[in-house]
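Please read the structure below before turning to the comments.
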Amino acid sequence: MSNNDHSILSLSSILPPSASPGPTKPLDSPLQILGPLPPTAPLHLALDYIASQDRWQSSYGLDRSALRPTAVTTDSNRLGAETVKTTKALVITGNKRQYQYSIEHEDEDWMRSHGGSFAVIQKLKKIDMRYCPSPKHLQLLLSLVSSVESGKTSNGESVVVDSPPGLIILWDIAGLFMADGHLSDQGRQNIFKPGTCISDYLNTLAAARATVDHFSKSCPSAKNSLLVVFEPRLTLDMTLPVQAALSAEGEGDEATNFTRKKSIPLIDGIRWLMGQEAVGVVKHLATEDREGEEVFELTFEVTLEKFHMRRRLCPQTVDGKNDNVRDVPWHRQSWQWEWI
């Protein structure tokens, strides 16, 4: 695993800032987390990454005006020029409307309170969003995405980014392989589309890793790009077949039919591809019933590390008043995630 020396992030960055500092575990790359997380997790991680880059540049007194292409290049500002270009983050997810709906439905307390501030807006502008309506669109994007620095010209093309991202985040990519009607609520069963094989999903992860390698080799300023994958719909017990089932029974020999029926735990394939220590799993904990509150545990099995999070319902603040949750209508309720 690798990490940017000047942009070390901690695991706490995946949740909004709160009174609890959260875990100090370094966020290594690659990293994949399965299980429930707020839809704003990619945004919070990207915001924290951009903030860490800005702090690093400020601490070294890097002058952005001196880093223009027309400026005289010296050893001191060459380092700065390469660093400034990595301050952007690239977030890739599925359907745009669906992701926007999940953000609106969650109506996160922190994002609603701070998302409109000038400082946050300026950082949000450095987050490059890409939406893919199908697995084929995603594979095409991961195969072709490049930056202006690598010699491509933008011309409004969706596969060309202005500068190489220092952080690439994939959100809910598994949802692209799931059947309609099972795509949103955490309490609903997530079912893969008929014909989906484990290689379909793993090939997508492999393409994402290849994209990071591409930026690392073609863009000097992205040599330490980070890759983080969030899969809020995947669970520890999900499996996928090795091969798609035949349309008619009896076709093929016995060995082939056995292979088609064999399923493999998805997490085994993910751990093999991403690394044993790079995979964390979030699960809901059965706790005493407390209205409007849920507790989750994030576990890294190989390192035996466990971290706890709380998702609680909180009323929107109106005229500076915080009402009791029971007294607030559903359309004025929002959720808040925090480390505990």
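Summary of computed values
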quantity	calculated
Among the candidates 47, 11, 90, 34, residue that is crowded, with 22+ Cβ neighbours inside 10 Å, in contact with a Leu (Cβ under 9 Å, 6 or more places away or on another chain), under 19 Å from residue 334 (Cβ atoms) and modelled with pLDDT of 85 or more	47
Given (1) in contact with a Pro (Cβ under 7 Å, 6 or more places away or on another chain); (2) modelled with pLDDT under 80, index of the condition residue 246 fails	(1)
Selected residue (only one of 234, 266, 205, 226 is at pLDDT 95 or above, within 18 Å of residue 27 (Cβ to Cβ) and among the aliphatic types (A, V, I, L, M))	205
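This table checks each residue for (1) modelled with pLDDT of 95 or more; (2) surrounded by 13 or more Cβ atoms within 10 Å (Cβ to Cβ); (3) of a type in the set (A, V, I, L, M).
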{"site": "99", "(1), (2), (3)": "yes, yes, no"}
{"site": "109", "(1), (2), (3)": "no, yes, no"}
{"site": "112", "(1), (2), (3)": "no, yes, no"}
{"site": "148", "(1), (2), (3)": "no, yes, yes"}
{"site": "160", "(1), (2), (3)": "no, yes, yes"}
{"site": "164", "(1), (2), (3)": "no, yes, no"}
{"site": "167", "(1), (2), (3)": "no, yes, yes"}
{"site": "171", "(1), (2), (3)": "yes, yes, no"}
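The values are calculated or read from the model by the stated rules, or taken from the named source; none is laboratory data. Note that this is a predicted model, so its numbers are computed, not measured. Ideal geometry is used to build each Cβ from the backbone, glycine not excepted, and the neighbour counts take in all protein chains shown.
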